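A short worksheet on the structure shown next.
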Amino acid sequence: MRRTRRSLLLATAVVTALAAGPLAAPAFAAPAPPASAPTTTGPDTEALSAAIAGLPDRDVTAALLRVGGDGSWRGTAGVRDVRSGAPALENGRFRAGSVTKVVTASIVLQLAAEGRIDLDGTVQHYLPGLLTKDFAPITVRQLLNYTSGLRPGASLGDTVEEGYAHRFETLTPRQVVADSVAQGPAYAPGTRQTYGNIHYTVLGMLIEKVTGDSYAHQAEVRIFRPLGMRHSSFPVGGDPRIHGPHNRGYDWIDGRLVDVTDWNMTDRFAAGDLISTTADLERLLVGLFRGRVVPEPQLREMFTLPDVPGAQYGAALERFEVNGKVIWGKTGSRPGYTAVIAATRDLSRTLVYSVNSTDAKGDGQQAGAQRFAFPAFNR
């Protein structure tokens, strides 16, 4: 069974590719050289160069990496699509998956700073009728830090294989939440932390209710435009395409490499529907950590773990350690695509990447983290 939970140390990318339908395994082309030569200071550029050498391979079709802070490095390797063998696009757009949650949390925290949302206010207050009487009051903060006690909602398949046949179908956020509510609470709010999309699906609905505007437009005017994220967007309706230049995504299904680029992501909504580029996500990461997106004290919510056993997440962001360094970041994966944003709190080291993984939702993610994330922070 493939895992659906992402963790930066368990999520990141081993990627391989396909084309517009089931194919025989392709003969892979030679990789493009990395953009910069190894150095003796800053990130481990030799390890980073080695990580993308030989792409595409069976696991990864393309990789786009940006490392910044005290010393920078960029690398692009692999192919745009396996049919043509054209080189991967350095500025290609991709599905960022759960990195979307950072955008959603930022909007909610902005609204809190404006006094339009109280983080201690409840779902029952802001979205009356959404939850049944079986639910104790759930606060906005508990949605942000994954302690709401809501169960996962409806999906069109728990694995890529299951979902592929339904990839052009629509599952609305309200349908997702209704299914969650029908199952009743998993535990009392604020007593456990369980990562999942459902918390941020409800937050997207909350944003729309409070602002009287669409979630996508709020992201555009509050986050994308101010930060100059000109190539970031959300699909319109159930549009399954990635518009603009992009590297195609693939997955192994029943022993065949299948093009999974076109996929209706309506069920992911404010939890995982973002399309972006590595340059745009770097702008988001740096702008956020510098306080240009969310003001203090609301920004502290992102770097504060709830007081529950085993907590790893603040508001959207996950805390972990690499070689003694405390790192805050977020992973995301959709069929054919894995994305990561991560940084030290002082921005002395930053990492953004997109990897076109043929097992983006599966068990190869820990190896991908070792391959791509660790070299960025190991010295």
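Read-outs: derived from the displayed coordinates by stated rules, not from any lab. Please read these numbers as outputs of a predicted model, since none were measured by experiment. With ideal geometry, Cβ positions are generated from the backbone for all residues, glycine too; neighbour counts draw on all protein chains shown.
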ask   = Once phi is turned into ³J(HN,Hα) by the Karplus curve 6.51 cos²θ - 1.76 cosθ + 1.60 with θ = phi - 60°, what whole-Hz value does each residue of the stretch 145-150 show in order, with x for glycine and proline?
value = 9, 6, 10, 6, x, 6
query = Nearest 10 degrees, 0 to 90: what angle lies between the long axis of helix 100-113 and the longest principal axis of the chain (Cα atoms)?
reply = 40
query = Which angle from 0 to 90°, rounded to the nearest 10, does the C-alpha axis of helix 278-289 make with the longest principal axis of the chain?
reply = 40
note = With Cα springs under 10 Å, the Gaussian network model of the chain assigns the largest mean-square fluctuation among Thr261, Thr278, Thr132 to Thr132
request  = Work out, step by step, the length gained on full extension between Gln183 and Asp262: first 0.36 nm times the residue separation, then minus their alpha carbon distance; give nm to one decimal.
outcome  = 25.3 nm
inquiry  = Using Cβ contacts closer than 10 Å as the measure, can you line up Asp59, Asp267, Asp307, Asp213 from fewest to most?
reply    = Asp307, Asp213, Asp59, Asp267
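Just to confirm a number: summing +1 for Lys and Arg and -1 for Asp and Glu over residues other than Thr277 whose beta-carbon lies under 13 angstrom from that of Thr277, what do you get? Walk me through the intermediate numbers first.
On the way: positive: Arg66, Arg74, Arg93, Arg95, Arg230, Arg283; negative: Glu90, Asp280, Glu282.
Every neighbour counted, the sum reads +3.
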ask   = Tally Lys/Arg at +1 and Asp/Glu at -1 over every other residue whose Cβ is under 11 Å from the Cβ of Trp73; what's the total?
value = +1
inquiry  = Need one number for the stretch 89-230: average projected area of the convex hull over its C-alpha atoms, nm².
reply    = 10.0
message = For a test of understanding, tell me how many lysine pairs in the chain have Cα atoms under 25 Å apart, given they are 8 or more places apart or on different chains.
response = 6
